[in-house]
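So the structure is just underneath, and the comments pick up after that.
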Ligand code: RIB
């Protein structure tokens, strides 16, 4: 079972040509309202790949909260531990430019009402992020027996001892910089690996992902695609990583799958990953390419 402790937001996606400059007014090309929030995106994306997923999250006592619950049920996510709080559901305002780049502002709402007492976990894989309170994430990490993945997005950490309870940390480049204040990647990795138990995986967008363990660095490349919307690419990556680790793949192989599925997802609008039936052909093709280039390189 994959446990996801995290947020739900209604996403208001505003597609524009270019981001506005400070003080500038621009027109939207299109506005799309969809389900989002890093926790929900990761839970649904893992369920779409075929994992059993239980989400621990909070929504408000409003229509958007009800819609979220219905959405998770339709997607096969276990909502038995989702809490309804006496407030409004979280929301996010996402600008997406013509290159698929994004800027996101989140209104926390019910996500910040999720409390330590709401955390009930067994074992398996835990996937969590930082759009809920830090002490809630800490409680989840401390009380979990299986593999603990922290996607430090956004970097909302005041007590860095939280990293002592993480097995796999998955920052993107911006989060890595915020976490380590290091210009030198090796230096930054060594700081993090003093705390994180198994690996730091830095996601590098179209360049793939760098896996750093105590004794090894491996760069896993990503397929070349034309991005339309990179919102949630990190969420899809983390979901696929958890899914393949749960299926028993080793870290490098799980990251290879995660890169491929996240790359596919940026060719579509929205923050949630594809169903396995939709992405299967693309994954198999990219795996064949990867295998033949490995054979050419002689490893
Ligand atoms: O990672 C993408 C997500 O970040 C969006 O769905 C938005 O809700 C914000 O949480």
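The table that follows gives values for the structure above.
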item: Fraction of beta bridges assigned by DSSP in the range 110-268 that are antiparallel (%, nearest 5); result: 50 percent
item: Centroid-to-centroid separation of the range 2-72 and the range 271-299 [C-alpha atoms, Å]; result: 27 Å
item: Overall form of the range 91-243 per C-alpha gyration tensor (a/c, 1.5; a/b vs b/c); result: oblate
item: For the chain, share of DSSP beta bridges that run antiparallel, in % to the nearest 5; result: 45 percent
item: Per-residue Cβ neighbour rank within 10 angstrom, fewest leading, 4, 106, 279; result: 106, 279, 4
item: Least to most buried among 70, 195 (fewest other Cβ within 10 Å first); result: 70, 195
item: Residues of the range 252-289 with amide N under 20 Å of the 7 Å Cα→Cβ point at residue 217; result: 252-253, 255-256
item: Proxy reagent accessibility, fewest Cβ within 10 Å first, across 125, 31; result: 31, 125
item: Within the range 91-123, backbone nitrogen closer than 20 Å to the virtual label 7 Å beyond the Cα of residue 158 toward Cβ; result: 106-118
item: Global form of the chain, assessed from the alpha-carbon gyration tensor, a/c cut-off 1.5; result: rounded
item: Considering only the range 1-64, percent of DSSP beta bridges that pair antiparallel, nearest 5; result: 65 percent
item: Length-normalised contact order for the chain - Cα pairs under 8 Å, 6+ apart - percent; result: 17 percent
item: Hydrodynamic radius (Kirkwood) for the range 220-299, which is based on Cα pairs only, to one decimal in Å; result: 12.8 Å
item: Gaussian network model of the chain, Cα within-10 Å springs - most flexible of 89, 128, 25; result: 25
item: Modelled FRET efficiency - R0 25 Å, residue 268 with residue 69, Cβ distances, 0.05 increments; result: 0.55
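All of the numbers you see were taken from the coordinates with simple rules; none came from a lab. Please read all numbers here as calculations on a predicted model, not as lab measurements. Please note: Cβ atoms are built from the backbone with ideal geometry, for glycine as well, and neighbour counts cover all protein chains shown.
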